[in-house]
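Okay, so here's the structure we're looking at.
The values are calculated or read from the model by the stated rules, or taken from the named source; none is laboratory data. Bear in mind the structure is a predicted one, so any value in this text is a computation, not a measurement. Positions of Cβ are generated from backbone atoms using ideal geometry, with glycine treated the same way; all protein chains shown enter the neighbour counts.
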There are 2 protein chains.
Amino acid sequence: MSKSLPSRAENYSEWYNELVKRADLAENSAVRGCMIIKPYGYSIWEKMQRALDDMFKETGHVNAYFPLLIPKSFLSKEASHVEGFAKECAVVTHYRLKNDPNGHGVIVDPEAKLEEELIIRPTSETVIWSTYKNWVQSYRDLPILMNQWANVMRWEMRTRLFLRTAEFLWQEGHTAHATKEEAVVETEQMLNIYSEFAETFMAMPVIKGRKTANERFAGAEDTYCIEAMMQDGKALQAGTSHFLGQNFAKAFDVKFLNKANQQEFVWGTSWGVSTRLMGALIMAHSDDQGLVLPPKLAPIQVVIVPIYKGEEQLNNIKSKIDPLVAALKKRGISVKFDISENQSPGFKFAEYELKGVPVRLAIGNRDIENGTIELARRDTRVKTNLPFEGIEQVIVDTLDDIQISIYQKALGFRAANTFEVNTWDEFLVKIEEGGFLSAHWDGSPETEEKIKELTKATIRCIPLDSQEEAGKCILTGNPSKQRVIFARAY
Amino acid sequence: MSKSLPSRAENYSEWYNELVKRADLAENSAVRGCMIIKPYGYSIWEKMQRALDDMFKETGHVNAYFPLLIPKSFLSKEASHVEGFAKECAVVTHYRLKNDPNGHGVIVDPEAKLEEELIIRPTSETVIWSTYKNWVQSYRDLPILMNQWANVMRWEMRTRLFLRTAEFLWQEGHTAHATKEEAVVETEQMLNIYSEFAETFMAMPVIKGRKTANERFAGAEDTYCIEAMMQDGKALQAGTSHFLGQNFAKAFDVKFLNKANQQEFVWGTSWGVSTRLMGALIMAHSDDQGLVLPPKLAPIQVVIVPIYKGEEQLNNIKSKIDPLVAALKKRGISVKFDISENQSPGFKFAEYELKGVPVRLAIGNRDIENGTIELARRDTRVKTNLPFEGIEQVIVDTLDDIQISIYQKALGFRAANTFEVNTWDEFLVKIEEGGFLSAHWDGSPETEEKIKELTKATIRCIPLDSQEEAGKCILTGNPSKQRVIFARAY
Ligand SMILES: [Zn+2]
Ligand SMILES: [Zn+2]
C-alpha cells in the first residue's frame, strides 16, 4: 500500500504482476515456477470450485482421486499424447535421502533408485484410462462420469502467477461412454457449463468454439474451448473440453460388450479448467485502483467502515450497523464490519478498493444524525449518500447490478475490440492494436502457422455460432467457408 | 457381490481389505502404495472435508495453497524434522523426458538435471515457515491461522488402503502466534475440534492425550492426539495437533517485533487429519455384511427399493414415494429411490447393505394396499413394518438414532476392552487379547522402548483427563504418577 499500482496504460504486464501481489492473491515460492496461493486468492478459487462442482454434480458427475505419480511408460501409450505431454515434466527417480557422509545435510541415496521413473501428472488421461480398463466390461458399466480436483505439473520455462505456472490446481473430468454420439454430447455439455460459469459467475463473456487441428489437445479428436478477451485485447483460453474419440481406449485396451453383444472400444471425453481462471478474472475487470471482483465470487461482498471519534460515536454506529450486518448475513451475503482501530478510514478505503470488495459502506456521526449512509460501488467508484432506511435492499440490488454491469462492460469492450478484417494489410495493422480479428482462413495448418510466424496471432477458435460465408483466406486468398477468430493470446 | 465378505472373526485384516474394495471405496493403482479413491469413497471424504472445513473457518482459519515440491535443503533446516521426514520420500531429480534414440518410448533427458533436487512434500512446515519469514514483521501480522488441503507423499514400505499409503490426502493447519500461551491454546483448540468431529460426525469415541517424547512429531515440542479403538482392539491415531514452540521459527529465522518493541521468534503450531480417517471410519463400525456408516457422513442416507410386478404397480408405488422423496430432500436428507430394473430387490438389499446406507425402505403392492412400508436399519439390521402415514418423521428420527446408537455401541466396545492392568504378567496376557491397557509407566523412553520390543504395544497417549495416582511402573516397578494408555496400533 506504500505506492500506487502501475497503470494499465503505462505497463499492463507490470500492472497485472503487481496487482496479484499487492491484493494478496499469490506470490512466487522458492521453487521456480511454483506459486503460493495466499488466503485471499485461495478464497476466490474456493468460490469458483464450489460453483463449478455444484454444476458438475447437477449434471450427474462424481468426484474421485487418482495418483499424483504416473509410470513413465504410461505416457508413451498414446502416440500424440506423449508428444504433447511427456517432455517438460517433473521426474521422480529416487525414493530416499540419506545423511551426507560429509555432514552437509542430506543427499539422494543412490541405492534407492526406482526401477521405472515416475512422472508427476501433467494431466491424468493415462492413469485414468489404465484404470477404466478394469472398471468397464459391459455397456451396463457405462457411462462413467467422473471428475477430479487435483494439482498437476508442467515444467514451464516462462511462468507468470496464475497464468502459467509449473504447478497449478485444476479439475479434470474424464468420462467414458458407449457411443460416439453420447461422448460428443458430453463434450458439448461441459463446454456449455464452462461458458455458463464464465459468464454468470465470472461476469466474463466468452466465445465458444473449436480449436484447429494445430491447437488441439494431444490425444483428442476435437477440442472445444472458451476464449475470453482481456483488457489489453489479448485472448485467454479459459477452459477446454475434449472429444477423445476412442484414442485412449485403444491405447489402454478399454473395450466393452455393447448391446449387440460385440466388443467395442469405449468413447471418451476430458475437460478442465484451472487456477488460470484466476488470472482471467483479474485481467477481465480490474482497474488502476486494484481488483474489481464480481459479487458472486467476491470473498467479501460488502464492507462497512465506521468513521468516528470516541467510543460513544462508535457505539451509536454499532447499534445501527449490527442489525444490518445480521440481516445481510441472513440473506447469504458475506459482509465485514471493519471496526479495527489501527488503520484510518482512508487507508481502509484504499485497501478494500485494492481487494475489489464490490460494495463499500461508510457511516459517520453526521450520517447517524441525518439517518443516512454512504454507498460506494467498486466497479464505477461512484459514491452516493442514501437514506439508511431501506439500505438492506439497496445493497442486495446493487450487488446484482454490479454483477450484470461488469459483464456488460466486458461485453462492450470485446465488441469494440473485435473487427472483421478482409485484407492482409488491414490484418497487420489491426493485430498490432490488439483485439479479436474475425477473418477468413483457408483451413490449412501451414497457413495458420505462417500467420503465427508473421504476426504472433493464433487462431483462437472456429466459433460455434459462426455463419457459413464464402470468402478468401486473409493470407493466401484461397477459398474459405467461414471466418475464424485470430488474436494474440496468453 | 459374487461371494460374501470374509468375517471379522475369521480374518479381520482380510475383512478390511475386501470391504474397502467391494464397497467401491478405494483400490490400488499401478504405482506402488498409491491408491485410487473411487467415487463412493471420495464422496465420504468430501463430507468429512466439508464438516472439518466448516469447523476450521468458524474458528477463524483460512485456506491457502503451498507448492508440492520442496527444495532438498529446506528439509535439513530443522534438526529433528530432517530425521523424521527427510528419509523415505519421493525425489525429483530431472525436469524433462526425451524420445529414446532406440525408439523405445521416452527416457529421462540427462541434460535436464536439476541443480538441487526437489522433494514431494511429506508435510509442509518447511516451505510454509520459509514463507512466513516474509509475511511476519510485527505482532500486528500475527496470528496467522492458515490451513491447506493437499496431497502429500511418504515412501512407505508396507502400505494398506487408507491406513498407510505412499500418497495420501489431508489437511495441514499451520499457525503462527505472538505468544507461547496463544500457540498452546490453538494446539488444544484444534485437538478439541478433531475430537468433536470424530465423535459427532464419525460417531467414533476418542481419547484425547499427549504423545510421549518418543512418539512426538519431528520438530514439535508437544504432540497432542486423538486415539480410537478399532473392532479388533487395536488403536488408531486419528488426528494430531502439535505445539511447535519456536523450533521452525528459529530454523527459518521468523522473528517479529513484539509489543515491547523487541525482536522475538514466532510461536507455531501444526495439526492434521488425513484420508486415514476413512480407514478408521470403516473399522470402527462396519460388520460382516459390509459398511456401517454414520448418517452424518453417509453419501446416501436413505434408499427406497420398490418391489413390484408391472408398470401399474410401479406407478402406484411412485405416486406414494415421489412426494416422500421430495419431502426428505427438502429436509436436506440424501435419498435414493432405486427404480433400476436390471437388479432384483434382493440384490439391491445386499448392495446397499454392503455400502452402509443407514436406512433402507422397501415397499410393495401389499404395502400399498395396507398403507404400510418396511424400514430396515443398517446398524441393527432390524426390519419393521410401519404405517406409511408419518414415515417421514420416523426416518428423520431413525437417522438421528443410528448416529447416536453406533457411537454408543463403539463407546461400549471400548469400555469393555479397556483394562486397568497392574502387573507385568497381567499385561502380557491382556495385550494378546487386544484392547487398551491403562497402566503405570516410569516415564523413561527406555522403558517405553523395551515394552514395545517385548509386546509390540506402544504408549498411545497420556490421557488429558487422567488423574494423578501414585503407582509403580508395569515393567520396572519404578515410581509413576499416572497411568498411560498402551495398545497395539495401526
Ligand atoms: Zn477457442
Ligand atoms: Zn494418543
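Of the residues making up the range B:131-145, at least one is of a type in the set (Gly, Ala, Ser) and either part of a strand (DSSP E or B) or free of Cβ contacts under 8 Å to residues at least 60 places away in the same chain (or both).
To keep it simple, each residue is scored yes or no on (1) within 15 Å of the chain's Cα centre (by Cα); (2) modelled with pLDDT of 95 or more; (3) surrounded by 21 or more Cβ atoms within 10 Å (Cβ to Cβ); (4) more than 30 Å from B:Pro122 (Cβ to Cβ).
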{"residue": "B:Ala228", "(1), (2), (3), (4)": "yes, yes, yes, no"}
{"residue": "B:Leu236", "(1), (2), (3), (4)": "yes, yes, yes, no"}
{"residue": "B:Leu244", "(1), (2), (3), (4)": "no, yes, yes, no"}
{"residue": "B:Gln262", "(1), (2), (3), (4)": "no, yes, no, yes"}
{"residue": "B:Met278", "(1), (2), (3), (4)": "yes, yes, yes, no"}
{"residue": "B:Met283", "(1), (2), (3), (4)": "yes, yes, yes, no"}
{"residue": "B:Gln289", "(1), (2), (3), (4)": "no, yes, no, yes"}
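Does the range B:337-385 hold any residues that are under 28 Å from the mean Cα position of the chain (by Cα), buried (at least 16 other Cβ atoms within 10 Å of the Cβ) and among the basic types (Lys, Arg), and which are they? Result: B:Lys355, B:Arg360, B:Arg377, B:Arg378. Identification of strands (runs of 3 or more DSSP E) wholly contained in the range A:149-243 with 3 or more residues that are assigned by TED's automatic domain parsing to the domain that holds A:Ser274, more than 16 Å from ligand 1 (Cβ to nearest atom) and farther than 18 Å from A:Ile44 by Cα yields A:167-177.
Do we find a residue being within 14 Å of another protein chain (Cβ to nearest Cβ) and crowded, with 19+ Cβ neighbours inside 10 Å anywhere in the range A:176-195? Yes, that holds for at least one residue.
So is A:Phe252 within 14 Å of chain B (Cβ to nearest Cβ), at pLDDT 95 or above and more than 16 Å from ligand 1 (Cβ to nearest atom) or not?
Numbers: within 14 Å of chain B (Cβ to nearest Cβ): yes; at pLDDT 95 or above: yes; more than 16 Å from ligand 1 (Cβ to nearest atom): yes.
For A:Phe252, the condition - within 14 Å of chain B (Cβ to nearest Cβ), at pLDDT 95 or above and more than 16 Å from ligand 1 (Cβ to nearest atom) - is met.
Any idea which residue in the range B:200-220 is nearest to ligand 2 (Cβ to nearest atom), counting only those that are modelled with pLDDT of 95 or more and either in contact with a Gly (Cβ under 6 Å, 6 or more places away or on another chain) or of a type in the set (A, V, I, L, M) (or both)? Restricting to residues being modelled with pLDDT of 95 or more and either in contact with a Gly (Cβ under 6 Å, 6 or more places away or on another chain) or of a type in the set (A, V, I, L, M) (or both), the top hit is B:Ile207. Quick check on my filter: what residues within the range B:56-73 are crowded, with 19+ Cβ neighbours inside 10 Å and more than 7 Å from every other protein chain (Cβ to nearest Cβ)? B:Phe56, B:His61, B:Ile70, listed by residue number.
Can you list the helices (runs of 4 or more DSSP H) found entirely within the range B:1-95 that contain at least 2 residues being under 22 Å from the mean Cα position of the chain (by Cα) and touching a residue at least 60 places away in the same chain (Cβ under 8 Å)?
Numbers: elements: B:12-22, B:39-58, B:72-75, B:79-85.
Hits in the range B:1-95: B:12-22, B:39-58, B:79-85.
The set of residues in the range A:96-130 that are among the basic types (Lys, Arg), over 28 Å from the mean Cα position of the chain (by Cα) and more than 9 Å from chain B (Cβ to nearest Cβ) contains only A:Lys113. Any residue at all in the range B:106-126 that's assigned to a helix (DSSP H, G or I) and under 19 Å from A:Gly33 (Cα atoms)? Yes; the residues of the range B:106-126 include at least one that is assigned to a helix (DSSP H, G or I) and under 19 Å from A:Gly33 (Cα atoms).
Matching residues to (1) modelled with pLDDT of 95 or more; (2) buried (at least 17 other Cβ atoms within 10 Å of the Cβ); (3) of a type outside the set (Val, Ile, Thr):
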{"position": "A:Ile395", "(1), (2), (3)": "yes, yes, no"}
{"position": "A:Leu399", "(1), (2), (3)": "yes, yes, yes"}
{"position": "A:Gln408", "(1), (2), (3)": "yes, no, yes"}
{"position": "A:Leu454", "(1), (2), (3)": "yes, no, yes"}
{"position": "A:Arg460", "(1), (2), (3)": "yes, yes, yes"}
{"position": "A:Gln467", "(1), (2), (3)": "no, no, yes"}
{"position": "A:Thr476", "(1), (2), (3)": "yes, yes, no"}
{"position": "A:Arg488", "(1), (2), (3)": "yes, yes, yes"}
